[in-house]
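One structure below.
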Number of protein chains: 4
Amino acid sequence: MTTHILLIDCPDEKGLVYRITGELSRRNFNIISNHEFVDAPAEHFFMRTAFAGDASPDPVVDELRKTLPAAANIRLAAAGQRPIVILVTREPHCLGDLLLRHAYHELPARICAVVSNHETLAPLVQKFEIPFHFISHEGLEREQHEAAILEAVAPYTPDYLVLAKYMRVLSPQFVSCYPNRIINIHHSFLPAFMGASPYRQAFERGVKIIGATAHFVTDDLDTGPILVQNVQPVDHSYSAADMAQAGHDIEKIVLSKALKLVLEERVFLHHHRTVIFE
Amino acid sequence: MTTHILLIDCPDEKGLVYRITGELSRRNFNIISNHEFVDAPAEHFFMRTAFAGDASPDPVVDELRKTLPAAANIRLAAAGQRPIVILVTREPHCLGDLLLRHAYHELPARICAVVSNHETLAPLVQKFEIPFHFISHEGLEREQHEAAILEAVAPYTPDYLVLAKYMRVLSPQFVSCYPNRIINIHHSFLPAFMGASPYRQAFERGVKIIGATAHFVTDDLDTGPILVQNVQPVDHSYSAADMAQAGHDIEKIVLSKALKLVLEERVFLHHHRTVIFE
Amino acid sequence: MTTHILLIDCPDEKGLVYRITGELSRRNFNIISNHEFVDAPAEHFFMRTAFAGDASPDPVVDELRKTLPAAANIRLAAAGQRPIVILVTREPHCLGDLLLRHAYHELPARICAVVSNHETLAPLVQKFEIPFHFISHEGLEREQHEAAILEAVAPYTPDYLVLAKYMRVLSPQFVSCYPNRIINIHHSFLPAFMGASPYRQAFERGVKIIGATAHFVTDDLDTGPILVQNVQPVDHSYSAADMAQAGHDIEKIVLSKALKLVLEERVFLHHHRTVIFE
Amino acid sequence: MTTHILLIDCPDEKGLVYRITGELSRRNFNIISNHEFVDAPAEHFFMRTAFAGDASPDPVVDELRKTLPAAANIRLAAAGQRPIVILVTREPHCLGDLLLRHAYHELPARICAVVSNHETLAPLVQKFEIPFHFISHEGLEREQHEAAILEAVAPYTPDYLVLAKYMRVLSPQFVSCYPNRIINIHHSFLPAFMGASPYRQAFERGVKIIGATAHFVTDDLDTGPILVQNVQPVDHSYSAADMAQAGHDIEKIVLSKALKLVLEERVFLHHHRTVIFE
């Protein structure tokens, strides 16, 4: 028996759960877990079903495409390990954590390659026998540099790009090549500090909590739909540099968790919000 | 349109979601939210459905009783405010929090009365114009004292008894009068310290985290099925008394949350485990 | 033996701890606890000493004023219960928590009065036999309303004003009457959302954590030096209203803790930062 | 200018801070940070001072040995990277995290070697070019196996042994070779579950929080003085295996933090308690 995951979202109407589970029941599939959520103000329905059986699940999907509202998104999750490419700059903490989890099969992903605008992390990546592409941004216009990255990435046909502390802003053109398929991690404060040197600003106001947010990248690098957030306490004895350092542990955990949720097909995206069935 | 909440648990089999949602669909009810969970090792199915409509939900329940497995527990949640009675000894923090939430309609409950083996908290209860029953345990055998409490409680026909720092062990006979309907709060440590003076033991080993656990009371006072747990950090500067004091904030939040989950009919109990749909 | 608390901050220089503890030693005081911190970038020294003895501590202070740098702030904490006045609008959760803690002596404060621009919370305050001043802002210019509040507050000569969900912005003139003596609580997000309807904005981006910040009030209501912060997780099933409601528990705990730290004289303020010795 | 760290603990008496800082002041050292704590019930004094200067700190220590109570423990922290040896069995998560932090200089330690009773983790260790000693316990009595480990470890003269998921109980004889110098990590529950299969027991009672405790190893493997604890929420959807897996993230963070605190000389041990100046 194989397990399949079906994700459906559509404008809400009566009887959706009944109709969807009916198709599964008729074809003799067994539901293993089922999550639904109706976003009442948006009148939108979300459902994630894990089901098992011997037959192919394709006829279920075909039938649902005929009978559900035309606006429905119906998606059968890809099986097995998903290809991903990681972009980094110079910081090893998030990359290292992903490489270790990958090496020990904690992520349902295959890290095809790591791309960086610096050579710093090449030795770390090579320890794990994964291709490392060094594509310096020096002397290049942004569009040239991005084109070089896209060219290096393309042969791997990754499902997701993971920005594991990639410190350059991506253009809307770049983002549009991987719509809702780029995952970023960045520091977060409570309250937020805009502009340059956020840790400096946080320090100057004496914040007591720092955090990290993992999110899908949309046109504006740091404000896409949120996947995972977490925090840790700090106090007056932390310098701005200490805060940045303390943020590393939280960043690596938040990014790994976000990637896991995405790869396990637990995330719906609707307008700017995520609906996540953990 | 009225909203109803239906809770069903039964041995797992194929097509349960389909059959249950079918009944709702046929009678023109609209599902507002739906949670299911299958405890795979136990092969047991849990489902909580909130649905709305103009008709009476009773025919749905009747029909389900006929068509679902005979072992199914099918329960339509009682509407409105549930009657509860609170038992306390001398500490005001949990009781005060419950009284305030009750006064401001944060709990779907009606606190009918507070019963105590001490007079200490009478003035607090009277501020909120709720009956206070002082039933001293002095000079009484345990069964006599418990009988007096049961007699005082009975006229209120409470759905739940809430032990808001009631510091006496309840006999199995007492517990059997309100099976799975008594909620207790007690301190918890990571790891636990058994026996007398747990805060003293925790202090002596230098614990860094203290916590609280809210649970249903079974025969053994402090080991029933867990509803809610939470923790807070402590350090070497906390005396055993400081730890006990610091535990108060966490206790009151954990107990209020547990009570809310139970009153909102989000809790299933299966053997010694709770399944909670938040 | 009486316990005294001495707070000193001054530009850092060599031997400060030695000189200060020398004065205490010479006058036969016993140090119970001692915290120092040097803000290295700011080259500023902070020290809080709790010490016990039979003699008056005043000569120590007089001597230190002579021997420490002229810019030193030297403060002997006031003993006993500190007078405070609470300002509220209509929400009971923070006020109720403070009234309960006050009633059970968990705060080293005497709540002299509660002032509000609405009558809503009068019954709650009266339960605890504390004066309630209703000063409507209707039909008044802001300066008139603030003048009326200041007039009502003045006879209590409070050490601190506590804004327990007081929903009106205070003018710089008002704030200047109680410099660094007004404590506020407000919701916080990770990241922050500026402008109106922050819970709505947080909802729309699908935030996973909400929080609260207690801070001293400076001219700009919500950006003063931070005292305490805390958070709690939320998810897609929370409406904007649910998030606001969920924020209440965290707000009341954060405000109570902030007030406790201030009243126990654990807080230094230096420029826009707090140094807090817990 | 070099920074030195001085740790002193002794029975409490008047004037200790003054006398200690006096020695530093007389020899023209500048105190960078200073922490003291008096365990009042135990009447014991703890002080950690970081101070800087051009001269050797040895005369300060010599002088303090003469003037402080005879029972005083006076310790000047070793400078630079401390040699450590890691013991593991088969789980990679804690070891991997330590190897990465070591590779990126986040720990003031030199990992001299990794010793294991299984070969499983050899490839991981070899990636980081650190000696790996495989010492199977098969066919050996416990004392023989421990003797072999001690023999392999001895040439590295480690300051600390780190049990990064080493799954065998150490004998008191082994522990006595590295008194208060062995650091262990183990899962923790709130409340604790004794005996075999703790995750199974936790699952069966429906725990909502799981955690990890790092501690010094004393004769009884899992009950030594506590260094660091942390937790994370779980719910009914976690199988016992899921809980064990979820515990990994918390274990690796807790162990790394504990090791960092120990290596930075922030930990005092007094009877069974730690006093930790973060």
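Summary table
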read-out: Test for A:LYS66: is it within 14 Å of chain B (Cβ to nearest Cβ), over 30 Å from A:LEU99 (Cα atoms), among the charged types (D, E, K, R) and without any contact (Cβ under 8 Å) to a residue 24 or more places away in the chain; value: no
read-out: Among residues of the stretch A:29-84, those that are within 24 Å of the chain's Cα centre (by Cα), of a type in the set (Gly, Ala, Ser) and not in a loop (DSSP other than H, G, I, E, B), counted; value: 2
read-out: Leading residue by the ranking (farthest from the chain's Cα centre (by Cα)) among those in the stretch D:91-113 that are buried (at least 22 other Cβ atoms within 10 Å of the Cβ) and over 22 Å from A:HIS105 (Cα atoms); value: D:ILE111
read-out: Unmet criterion (only one of (1) free of Cβ contacts under 8 Å to residues at least 40 places away in the same chain; (2) within 9 Å of chain D (Cβ to nearest Cβ); (3) assigned to a helix (DSSP H, G or I)) for C:ARG19; value: (1)
read-out: Every residue from the stretch B:128-155 that is more than 16 Å from B:ARG90 (Cβ to Cβ) and free of Cβ contacts under 8 Å to residues at least 12 places away in the same chain; value: B:GLU129, B:GLY139, B:LEU140, B:GLU141, B:GLN144, B:ALA147, B:GLU151, B:ALA154, B:PRO155
read-out: Residue count for the stretch B:146-189, restricted to those that are closer than 19 Å to B:PHE268 by Cα, outside any helix (DSSP H, G or I) and open to solvent by 60 Å² or more (accessible area, probe 1.4 Å); value: 3
read-out: Hits in the stretch D:69-90 (condition: open to solvent by 40 Å² or more (accessible area, probe 1.4 Å) and either more than 14 Å from chain A (Cβ to nearest Cβ) or closer than 18 Å to D:LEU261 by Cβ (or both)); value: D:ALA70, D:ALA71, D:ASN73, D:ARG75, D:LEU76, D:ALA78, D:ALA79, D:GLY80, D:GLN81
read-out: Criterion violated by A:ARG48 - all others in (1) in contact with a Lys or Arg (Cβ under 8 Å, 6 or more places away or on another chain); (2) over 21 Å from A:PHE277 (Cβ atoms); (3) crowded, with 16+ Cβ neighbours inside 10 Å satisfied; value: (2)
read-out: Single residue of A:ASP39, A:ASP54, A:ASP58, A:ASP9 found to be more than 10 Å from every other protein chain (Cβ to nearest Cβ), crowded, with 18+ Cβ neighbours inside 10 Å and farther than 18 Å from B:PHE37 by Cβ; value: A:ASP9
read-out: Number of positions in the stretch D:223-278 that are of a type in the set (Asp, Glu), more than 10 Å from chain B (Cβ to nearest Cβ), closer than 21 Å to D:ALA109 by Cα and in contact with a helix residue (DSSP H, G or I) (Cβ under 9 Å, 6 or more places away or on another chain); value: 1
read-out: Filter pass, D:THR218 being farther than 19 Å from D:TYR199 by Cα, open to solvent by 10 Å² or more (accessible area, probe 1.4 Å) and under 13 Å from the mean Cα position of the chain (by Cα); value: yes
read-out: Among the residues listed as B:GLU138, B:GLU143, the single one being farther than 30 Å from C:ALA122 by Cα, open to solvent by 50 Å² or more (accessible area, probe 1.4 Å) and assigned to a helix (DSSP H, G or I); value: B:GLU143
read-out: Breaking point among (1) of a type in the set (D, E, K, R); (2) within 13 Å of another protein chain (Cβ to nearest Cβ); (3) touching a Pro at 6+ places or on another chain (Cβ under 8 Å), for D:GLU204; value: (3)
read-out: Residues that are part of a helix (DSSP H, G or I), touching a strand residue (DSSP E or B) at 6+ places or on another chain (Cβ under 8 Å) and closer than 27 Å to D:PHE216 by Cβ, drawn from the stretch B:204-249; value: B:GLU204, B:ARG205, B:MET243, B:ALA244, B:ALA246, B:GLY247
read-out: Any hit, the stretch D:258-275, residues being at negative phi and free of Cβ contacts under 8 Å to residues at least 24 places away in the same chain; value: no
read-out: In the stretch D:231-272, the residues that are modelled with pLDDT under 95, of a type in the set (Ser, Thr, Tyr) and open to solvent by less than 30 Å² (accessible area, probe 1.4 Å); value: none
read-out: Selection within the stretch C:114-135 - touching a strand residue (DSSP E or B) at 6+ places or on another chain (Cβ under 7 Å), part of a helix (DSSP H, G or I) and open to solvent by less than 50 Å² (accessible area, probe 1.4 Å); value: C:ALA122, C:VAL125
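The values are calculated or read from the model by the stated rules, or taken from the named source; none is laboratory data. Everything quoted here is computed from the prediction, not taken from an experiment. Cβ: placed from backbone, ideal geometry, glycine included. Neighbour counts: every protein chain shown. Heads up: the accessible areas ignore ligands, DNA and RNA and are worked out on the full protein's heavy atoms, side chains in. Shrake-Rupley method; radii C 1.70, N 1.55, O 1.52, S 1.80 Å.
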